[in-house]
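First up is the structure itself, then whatever we jot down about it.
The values are calculated or read from the model by the stated rules, or taken from the named source; none is laboratory data. Since the model is a prediction, treat every value here as computed from it, not as a measurement. Don't worry about glycine lacking a Cβ; one is built from the backbone with ideal geometry, like all the others, and counts go over all protein chains shown. Side chains included, ligands, DNA and RNA excluded: accessible areas come from the protein's heavy atoms. Shrake-Rupley method; radii C 1.70, N 1.55, O 1.52, S 1.80 Å.
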Amino acid sequence: MSGGSPLLDGVRVLDLSTMIAAPTTATILGDYGADVVKVEMPGTGDFVRRFGRQVDGQGLYWKALSRGKRSVALDLRRPEGRDLVLRWMPTFDVLVENFRPGTLERWGLAPAELRAANPRLVVLRVTAYGQDGPYRDRPGFGTLAEALAGLASVSGYEDRPPLLPAYPLADIMAGNLGATAVLAALMRRHATGTGDTIDLAIYEAALKLVEINVLEYQQAGVEHGRTGNRYGPAAPRGSYRCRDGLWIALSGSTQPMAQHVLRTVGGESLVSDPRFATNAERVEHVQELDDLIAAWCLTRDRDDALAELTAGGCAVGPLESVATMTDNPQVQHRGSIVTVDDPDLGPLAMTGVYPSFQDGGTRLGRPGPAEVGADTDAVLAADLGLGAEELAALRAAGVTAGPAAVPPAEPQDAL
C-alpha cells in the first residue's frame, strides 16, 4: 500500500463478471482502495481460474486478476440468489457484469431492478459488441473485438496473415476504459445523487488504438497495411539486433530526433544525405535507412549501442523480454513489478498499482483465493446479517458455496 488513505476508501464494488475485461475494471478499482466482492458460480467459479498456466492446480491469471477481491459463491440463476443480490444492492456503489445482453434481465436482475434497489448504484455492462445492434447476441471475446476494430489487419508483415495480439490487448483496454467510466459516473453521482448504467463494448475500446487510421481513410482514402515494426508516418522506427544478440528499440518520430540518430550512426554526411533530409524522404527510403542502422548496431554490444545513442540525444531503449525486464534498473527503481505473498503458491510476482499518487493511497490485496466462495459466509453475515442456520440452509440448497464460517470463540474467564 502507498500514500495516505485509499483513494476509493468507502467505495464498494460487486464484481459479477468473469474472464478478463470486466474483472480488470474491478481489479483497478480495488487497487485504488475500493472494497471488491467477487461473485462466482458455485462449483465452477470464474472461468479464468482455469485459463492459462496452472501451478499446483492454481491458475496464475486468476491469482493476479482477482487480487484484493473476496470470493462469494452465489447462484444468480436461482430466485434465492436474485433475492439476495437485490437485498445486497444498497451496500454497494458499483456493480460490474459481462453476461450476454438479456441475461441479467432473464434472472430478474436488470439494471432497472438493481437501481430501483439502490438509486445511487453505478452499473457497468461489458460485452464484446455492446447491448444493442445486430451483433448484440453473438458470443465474443477480446480476440473478436481486435479483429472487428481493425487491429489485426494492420499488425504483422505484409507478406503474412493478419496478426492477432498474443496477449489480451482489447480486454485490458476495455478494463481500463471501464474504470475511467465508473469513476466518471461516481463523480456525476457526487453532484446529482443518482447512479448510471454504462454500456461498454470491448471493440469500441480497441477502436481508440486505430483512430488515426479511421480519420486518414475517411479524409484521404488511405488504408494502412501491415508494416511490421515500422510506423508509416515516421522513420526511423523499429527494433534492431546488436552484436551480442540483444535488441534495442529506437524511434526518430520528430525531425530533431531523427537527426540525432543519423548523426550518431553516420555523422554529418548522413544528416545532409538528401535521402534522409525530411521525414517524407526518410519514409520513402526507409529500407535503406533501416539497413544502415541495423549494420551499425551489429558492430556493437547492446550496452555500448545504447550508451552511444543516448549520448547522442536519441530516443532509444532496451527491447526486453519478461525475463530481462524484471532486472531492468528503471523497472526495479519504480517497483513496477511487486512480490505478493500467497498462501497457496508463496511469493507471486505481479504488476504494481499504476500510476503512483503523491497523497492518495493505493493497495495490493491478497491474490485470488484458491477456493470458490472462500468468503461467502463471512461476507453475507457481515453485509446482510445472515445467521449460521440461514447460511447453512443456503449452502445445502446449492444457492451458495464455500467453507462454513467459523464462529468466534467464546470469551474465557481469566485464570
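Points worth noting:
- When residues of region 121-162 are limited to those that are in contact with a helix residue (DSSP H, G or I) (Cβ under 6 Å, 6 or more places away or on another chain) and farther than 20 Å from ALA21 by Cβ, the one most open to solvent (accessible area, probe 1.4 Å): PRO162
Every residue, every condition in (1) within 14 Å of VAL37 (Cα to Cα); (2) among the aliphatic types (A, V, I, L, M); (3) part of a helix (DSSP H, G or I); (4) open to solvent by 40 Å² or more (accessible area, probe 1.4 Å), yes or no:
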| position | (1), (2), (3), (4) |
| --- | --- |
| ASP344 | no, no, no, yes |
| LEU348 | no, yes, no, no |
| TYR354 | no, no, no, yes |
| PHE357 | no, no, no, yes |
| LEU364 | no, yes, no, yes |
| VAL372 | yes, yes, no, no |
| ALA378 | yes, yes, yes, yes |
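- Screening the candidates GLY178, GLY225, GLY193 for the property of being open to solvent by less than 60 Å² (accessible area, probe 1.4 Å) and modelled with pLDDT under 95 yields one hit, GLY225.
Yes/no per residue for (1) free of Cβ contacts under 8 Å to residues at least 12 places away in the same chain; (2) of a type outside the set (Val, Ile, Thr); (3) open to solvent by less than 70 Å² (accessible area, probe 1.4 Å); (4) within 13 Å of GLY252 (Cβ to Cβ):
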{"position": "ASP273", "(1), (2), (3), (4)": "yes, yes, yes, no"}
{"position": "VAL283", "(1), (2), (3), (4)": "no, no, yes, yes"}
{"position": "VAL286", "(1), (2), (3), (4)": "no, no, yes, yes"}
{"position": "ASP291", "(1), (2), (3), (4)": "yes, yes, no, no"}
{"position": "GLY313", "(1), (2), (3), (4)": "no, yes, yes, yes"}
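- Extreme residue, surrounded by the most Cβ atoms within 10 Å (Cβ to Cβ), among residues of region 32-59 that are part of a loop (DSSP other than H, G, I, E, B) and of a type in the set (D, E, K, R): ASP46
- When the test is whether a residue is touching a Gly at 6+ places or on another chain (Cβ under 8 Å) and either closer than 16 Å to GLN131 by Cβ or open to solvent by 30 Å² or more (accessible area, probe 1.4 Å) (or both), VAL96 passes it.
- Of the residues GLU268, GLU204, the single one that is crowded, with 17+ Cβ neighbours inside 10 Å, assigned to a helix (DSSP H, G or I), modelled with pLDDT of 95 or more and among the charged types (D, E, K, R) is GLU204.
- Filtering region 228-262 to residues that are in contact with a Lys or Arg (Cβ under 6 Å, 6 or more places away or on another chain), outside any strand (DSSP E or B) and open to solvent by less than 60 Å² (accessible area, probe 1.4 Å) leaves ALA235, CYS242.
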